[in-house]
1. How many residues, within region 375-402, are modelled with pLDDT under 85, touching a helix residue (DSSP H, G or I) at 6+ places or on another chain (Cβ under 7 Å), over 30 Å from residue 290 (Cβ atoms) and in a helix (DSSP H, G or I)?
2. For region 313-368, enumerate the residues that are polar (S, T, N, Q) and within 15 Å of residue 100 (Cβ to Cβ).
3. What about residue 95, is it in contact with a Ser or Thr (Cβ under 8 Å, 6 or more places away or on another chain) and more than 20 Å from residue 376 (Cβ to Cβ)?
4. Where residues in region 235-253 are touching a Leu at 6+ places or on another chain (Cβ under 7 Å) and among the aliphatic types (A, V, I, L, M), which of them is modelled with the highest pLDDT?
5. Restricting attention to region 349-357, does a residue exist that is small (Gly, Ala, Ser) and more than 20 Å from residue 131 (Cα to Cα)?
6. Would you say residue 105 is of a type in the set (Gly, Ala, Ser), touching a Gly at 6+ places or on another chain (Cβ under 8 Å), closer than 19 Å to residue 364 by Cβ and buried (at least 23 other Cβ atoms within 10 Å of the Cβ)?
7. From 343, 372, grab the single residue that is modelled with pLDDT of 90 or more, in contact with a Gly (Cβ under 9 Å, 6 or more places away or on another chain) and not small (Gly, Ala, Ser).
8. Would you mind finding the one in 365, 356, 310 that is surrounded by fewer than 17 Cβ atoms within 10 Å (Cβ to Cβ) and either in contact with a Leu (Cβ under 6 Å, 6 or more places away or on another chain) or within 14 Å of residue 120 (Cβ to Cβ) (or both)?
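The values are calculated or read from the model by the stated rules, or taken from the named source; none is laboratory data. From a predicted model like this one, the values you see are computed outputs, not experimental measurements. Cβ atoms come from the backbone with ideal geometry, glycine included; neighbour counts cover every protein chain shown.
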Amino acid sequence: MPHDTGLMATVAVGLTAAFAAALIVMRIGLPPIVGYLLAGVAIGPFTPGFVADAALAPQLAEIGVILLLFGVGIHFSPGDLLAVRGIALPGAVGQITFTTLVGLGAASLWGWTTGEGLVFGLALSVASTVVLLRALEARDEVQTGAGRTAIGWLLVQDLAMVMVLVLLPIFAGQLGGVTAGDGELDLLPTLASTFGKIAAFALLMLVVGARFIPWLLRQVRGMGSRELFVLAVLATALGIAYGGAEIFGISFALGAFVAGLVVGQSETGHDAEVEIAPLRDAFLVLFFVSVGMLVDPAFLFDAPGQIALVVAIIVLGNGLAALTLVTMLRGQRRTALTVAAGLTQIGEFSFIVAQVGRSLDLLPVEGYNLILAGALVSITLNPVVFRSADMLAARRSIPAAG
């Protein structure tokens, strides 16, 4: 019988194109994420040949975002963050503020509104968790002082962006965008209602979820069925994210993050993260492919000056801000170089913020394209930046452990 193959075609062609492109870019020393983005360009509406379903791809990508935030929550350890809080917390806040203001200034030069410039600057201020972790793993620096500081810095960035995703819809009207409802929102009641729902959700998860979910996962793991345990973890991540959105009106991202927090503080947290990682990685590939589908290759040639400025903000702005702040906060020079190099790229949270900005009419199409182009170029340049940092560290005889 005839049947619709749009979902199958999107997944099959998307993953196949991503695999082929990643193989090619890795052969020339580039991160696989570059290949995933290029694969999305190849199957997007702006290039000839097969065009993936533009409605299905973002929904598949949403699952990748949920699993990513779930993983961020699992990895969130108050103890780890407290250990590097003297540098990571003020440094990340300062760097986000600096880059956001620089992005806002650039947007004002192009005649954008303050709201558009704010979203644009925020998107340029946060590095890719995936890219940084892969870089640290390749350099065997995850457990070094420099690596822990970089991860703590990135964790503060991620938490800040989670709050941005919560607050943007509330302040959209005041910033010149569209509200989530049918008209202008009364700010104070809306803030009170939103944070009241978040508080109720958090209380439910901390009082009930923190007891029931770890207990349930322990019982399932004790049954000896790996398949059932994976299903339980998936149901926890997706179910809480969807339930939080439907019942409490919070974002999928926040719901998934809180679910990860609950699971991560239990004895099954490590097992859950290990089991979910392959599926998370697969859906993250589809996330990057869906982002690449939105890139118009012609734009790369139509606005070289703007793209160059955006790349300079990402690479030089974020890098120099981090280098300066770590030094001012009395961090070791190796730590400063590692953090600075790791922040000279943007990725998944930048895309998420940009997508929310577009949905709220707080980012022009031009701005979205600039963010995508900046991500593509900065991720491509990131290995070169790390090699330069290594050369500078060796020249100054800086200990590798930070």
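1. So the answer is 2.
2. 318, 350
3. yes
4. Ranking the candidates gives 237 first.
5. yes
6. It is false that residue 105 is of a type in the set (Gly, Ala, Ser), touching a Gly at 6+ places or on another chain (Cβ under 8 Å), closer than 19 Å to residue 364 by Cβ and buried (at least 23 other Cβ atoms within 10 Å of the Cβ).
7. On inspection, the qualifying residue turns out to be 343.
8. On inspection, the qualifying residue turns out to be 365.
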